[in-house]
Amino acid sequence: MGFRHRFEFGLAWRTIALGAALWLFLIALNTPDLRAGRIVAFVIALIALGSLWSYIRRTNFIVSRFVESVRFEDYSQRFSDPSGGGFDVLGETLDRALKSLQERHRQENAETRFLSAVVDDAPSALLTIDGEGRIELLNKAARQLFARLPLSRIEDLEPLGPELVAAAQLPPGSRNITRLTLEGAPQKAIFASAQVARLDNPVTVLSILPVQSELGALEVAAQVDLVRVLTHEIMNSLTPVTSLARSGADLVAAAKDAASLAEARAATETVARRAEGILHFVQSYREFAQTPDVHRRTFKARSWGEELLQLALANTGERSIDARLEVEPETLNLTADPELLAQAVLNLLRNAVRVTAEVASPIVVLSISRNRHGQFLVEVRDNGPGIPADKREDIFLPFYTTHKGGSGVGLSFARQVALAHGGSIAALDAVEGGARLQLVV
């Protein structure tokens, strides 16, 4: 405002001076015998016009220099005007504006350098494909991964295998595990794609993270766990079968009367039952190895949970169990495969009923809600003995069980259902003092 008033004042008196000089010049022109006055009035008018022109030109020069400095990002210019007339205020205003722009430019450059460093040091290989099929490697991981294969167009991906070429042509937002061939060896990699705008042109960003070694280690660990459980179960079944088969053979060889033959027959029948048990175990394993198909639909959580609690308590006899259903909010609707999820949760509820058999006042709670990410949480809690921390991963292994007579399939199946829904399952501590099995779907 100070600049505005002082500038207007300076412009006004110069304009008035110019008008007065022109008025005097006109009077001199119309008055005879004033040739000298005409000359003097004309000179005064020229001086007033020059002063006004210089005043306006200086303003335009200062502003244009400011604009040019911003255009070329030259923030070293300063516009303080020692001549007065209000331009010192304009100069200070422009100086403050340039300092503000300089600081903002410095912050943006620092943020740009940070983001560039994050992209360049990202563990995943990042590359872009523009609308014309041109490829650009964005970071060190990409340059190292494709060091021996120059990539410039999407056709150059063909030596890496057809799976990667097909994955690169999937719509943005795709994510899967694909296979690529590096130096003649196939490798698995996590592939993801996204679309961003670059100078108003859509560009597809591809992320490729080779995980062959990590997956190999996980597969070996899973195989070790599976073999450990299978050998334990099979040995438990085969040991008595072998013993009884030998005993039966000895009894048959030494049989002299009907009583001996009856003992041999009983031993043989026991062997047959144990063999049937082993066959059932193998059939269960085959069924477990089949991934369930998920058919999602929306249904009411409360009525679904009430039905599951009734089924879980159907065979408890005279036992008094404090069974609770918690649904938050009351009108919550679940979106999942109701049959698959019901089968998994029913296994968890029956486990909770079983582990509270020795508890004086057993409590079983089925809780259904949503987390802050919009996922559905289905929890089964009890006040039983709980699950030791060192067993909370093993309990989800196929056929692993600590319960005499248990199959070890229920929790493994629950994990399969959770993973098939794109979720997870975890064993935690319950507020009631026992175990809390949490399904996220």
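The values are calculated or read from the model by the stated rules, or taken from the named source; none is laboratory data. Just so it is clear, the structure is predicted and the values come from calculations on it, not from any experiment. With ideal geometry, Cβ positions are generated from the backbone for all residues, glycine too; neighbour counts draw on all protein chains shown.
In the range 311-384, counting only strands (runs of 3 or more DSSP E) that sit wholly within it, the ones holding 2 or more residues that are aliphatic (A, V, I, L, M) and buried (at least 20 other Cβ atoms within 10 Å of the Cβ) span 333-336, 363-370, 376-382.
Condition check ((1) in a loop (DSSP other than H, G, I, E, B); (2) farther than 30 Å from Arg58 by Cβ; (3) not assigned by TED's automatic domain parsing to the domain that holds Leu52) across all residues:
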| site | (1), (2), (3) |
| --- | --- |
| Thr93 | no, no, no |
| Arg96 | no, no, no |
| Leu101 | no, no, no |
| Arg104 | no, no, no |
| Gln107 | no, yes, no |
| Arg143 | no, yes, yes |
| Pro150 | yes, yes, yes |
| Glu155 | no, yes, yes |
| Leu164 | no, yes, yes |
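Evaluation of Thr178 against the conditions (1) out of contact with any helix residue (DSSP H, G or I) (no Cβ under 7 Å at 6 or more places or on another chain); (2) among the hydroxyl-bearing types (Ser, Thr, Tyr); (3) under 20 Å from Gly422 (Cβ atoms) shows that the sole unmet condition is (1).
Within the range 52-69, residues that are in a helix (DSSP H, G or I) sit with their Cβ atoms under 7 Å from residues that are among the acidic types (Asp, Glu) and modelled with pLDDT under 70, at 6+ positions apart or across chains, in these pairs: Ile62/Asp81.
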